[in-house]
1. Count neighbours as other Cβ atoms within 10 Å of each site's Cβ, and list the GluC sites (Glu not before Pro) in the range 10-100 that are DSSP loop with at most 13 such neighbours.
2. Once both labels are modelled 7 Å past Cα along the beta-carbon direction, what's the VAL88-TRP65 spacing in nm?
3. Roughly what angle does helix 115-131 make with the longest principal axis of the chain, taking Cα atoms, 0 to 90 degrees, to the nearest 10?
4. Relative to the first principal axis of the alpha-carbon coordinates of the chain, what is the inclination of helix 3-22, with its axis defined by its Cα atoms, in degrees from 0 to 90 and to the nearest 10?
5. Would you calculate the separation in nanometres between label points at SER99 and ARG9, each defined as 7 Å from the Cα along the Cα-to-beta-carbon direction?
6. Which one of VAL36, VAL102, VAL126 has the biggest mean-square fluctuation once the chain is modelled by GNM with Cα springs under 10 Å?
7. Please give the peptides 75-86, 130-141 ranked by average Cβ packing (other Cβ atoms within 10 Å per residue), highest first, as a rough proxy for protection.
8. Springs between alpha-carbon atoms under 10 Å, Gaussian network over the chain: tell me which of ASP47, ASP63, ASP114 tops the mean-square fluctuations.
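Where a number appears in this text, it was derived from the coordinates with a stated rule and is not lab data. Note that this is a predicted model, so its numbers are computed, not measured. Positions of Cβ are backbone-derived with ideal geometry, glycine not excepted, and every protein chain shown enters the neighbour counts.
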Amino acid sequence: MSEIKTSERVAAEQMRRRAFLEELPPCFCPNCSAVVYEGEEVCAYCDTERREDGWPAISTSMDPWLGKVLAERYLITRHVASSSRARVYIADSRIIPRSFAVKIMNVTDGPNLDQEGLRRRLRREVEALGTLRNPHIVSFYD
């Protein structure tokens, strides 16, 4: 990727983050599940082109978190991974120009679910992440 393309992409990402403050994206890319605006010709994450009939509406996705705003400052912009107990997303800050990983735990469903055990495990994970400092390990913020 050329440096010009990289700076163009950075500028486009900054414009999108500013747009997130004005209006939440109503659609998503069917290829990578990233949120998109109706007028966007290409997905900003995977470069998939918009279909002739347009982007699908977020309301038609099977994902309950895609396009939602958490704590009035993190817009869930893309699903990354799932397990039986958690989903991981990319969230863009609506305050600062930065993306974050967000892990949403499911502590209400499932047979033989030990909710308190899951909460303890999540607290231990957060405490461990809070003490680590390495460029190859994700940092815990909130």
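1. Answer by residue number: GLU23, GLU38, GLU41, GLU52, GLU72.
2. 1.1
3. 70
4. 70
5. Taking the two extended label points, one gets 0.9 nm.
6. It is VAL126.
7. 75-86, 130-141
8. Of the options given, ASP114 has the highest mean-square fluctuation.
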